[in-house]
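Since the structure comes first, as structure tokens, the remarks are kept for the end.
The values are calculated or read from the model by the stated rules, or taken from the named source; none is laboratory data. On a predicted model such as this, the values are computed, not experimentally measured, just so you know. As a convention, Cβ positions derive from the backbone with ideal geometry for all residues, glycine included, and neighbour counts pool all protein chains shown.
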Amino acid sequence: MLDLFGASSFRSVTLALEIGLFETIADVDRPLTAEDLADRLDAHPDGIAVFCNFLVSEGYLEAVGDRYRLTGMTEKWLLAESETNMGPWLTYWNDLVFPFWEQELETAIREGEPSQSIYEWFDEDPDRWETAQEGFRATASLLVDDVVDSMTVPAGQSRLLDVGGGHGLYAMELCRRHPKLSATVFDYPGAIDAMEDDIPDELAGRLGTRTGDYWTDDLGEGYDMALLFNVVHAHSPAENTALFERVRDALAPGGRIVVLDQWEGSGRTPVSRAGLRFVALTYHTTLGANVYEHDEVSSWLQAAGFTGIQRQSVGPISGMAIVEATKQ
């Protein structure tokens, strides 16, 4: 029954985001009745009343007599003006991931992989990339400070490569904190197209982009540091070793690589272990991929010619950690 309630709650929240229910309530300085909301949202008051009462039971709204107002949870996590707005992440799952699951889950279970990756599916419609990048950016906003705080950036480093960097949020924050650092975000054209308008004016001269396939296209050379964030889970062990070798070749002598992902075996509670299993099923369904153990990534880095491998847990998300190493 709890799973059924959870599914209903998720769909109700994403619909509330879609029709602008939360923003409509936030725009006025008083609680609103179902009739008030129906007028503003072009909906039926009976439907709005039933809908809002369910959202009250789920903790997203508070009833004040026959009126409704937002809870603190909704104000923090689901309003566009909030720095911790996770609405785009929920929209990403509702509009993209779960429809892709519906299309590919059985195939992935029966055949061992989906008929196409979710990224290939994104390429069929540029709007999908825009929705995806907004979702990725929302979750990265929760992690970026912890991740950058945990990274080692030796003095004098000036060139950064962000492989598969998509939204570019990590590269942007590193450039803000290190004024002498410039960055290149490398990703598929659809991902880069979706993020280029988000480059702040103050970083326009220091943050560039490069489109291509990181398996075959030139990554450049002479970088002091390279990021591979949420990349390795999409590839096989042999592919990851080969990718690390390509990144090593793009680094200057003594250059550093930083890998961010969720690692198997790092869940310490039943909830965190369930979270990692959910991530593993998602990767399998959307990419034909998996969650790897830290020891595996360490062995790939060693095989690719990196030393001084260190791990640091980061952020509130279960099993998330960075792994740093230096080019021999």
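Brief remarks on what is shown
- Contact annotation: residue pairs with Cβ atoms under 9 Å, 6 or more positions apart or on different chains, pairing a residue in the stretch 180-207 that is modelled with pLDDT under 90 with a partner that is part of a loop (DSSP other than H, G, I, E, B) and acidic (Asp, Glu), are Tyr188/Asp213.
Yes/no per residue for (1) assigned by TED's automatic domain parsing to the domain that holds Tyr283; (2) in contact with a Pro (Cβ under 7 Å, 6 or more places away or on another chain):
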site	(1), (2)
Asp27	no, no
Arg67	no, yes
Tyr92	yes, no
Ile109	yes, no
Glu113	yes, no
Trp121	yes, no
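- Of the residues making up the stretch 183-215, those that are in a helix (DSSP H, G or I) and in contact with an Asp or Glu (Cβ under 6 Å, 6 or more places away or on another chain) are Gly190, Ala194.
- Residue-level check: of (1) part of a strand (DSSP E or B); (2) in contact with a Ser or Thr (Cβ under 8 Å, 6 or more places away or on another chain), Ser272 misses just (1).
- All conditions in (1) modelled with pLDDT under 90; (2) farther than 20 Å from Arg248 by Cα hold for Cys175, with the sole exception of (1).
- Listed by position, the helices (runs of 4 or more DSSP H) enclosed by the stretch 75-141 that each have at least 1 residues that are acidic (Asp, Glu) are 98-111, 118-123.
- Residue within the stretch 233-248 that is exposed (fewer than 15 other Cβ atoms within 10 Å of the Cβ), in contact with a Ser or Thr (Cβ under 8 Å, 6 or more places away or on another chain) and either in a helix (DSSP H, G or I) or not assigned by TED's automatic domain parsing to the domain that holds Gly112 (or both) present: no
- Residue satisfying all of: in the stretch 256-269; in a strand (DSSP E or B) and in contact with a helix residue (DSSP H, G or I) (Cβ under 8 Å, 6 or more places away or on another chain); nearest to Leu161 (Cα to Cα) among these: Ile257
- Tyr223 fulfils the conditions (1) farther than 12 Å from Leu161 by Cβ; (2) hydroxyl-bearing (Ser, Thr, Tyr); (3) surrounded by 17 or more Cβ atoms within 10 Å (Cβ to Cβ) except for a single criterion, (1).
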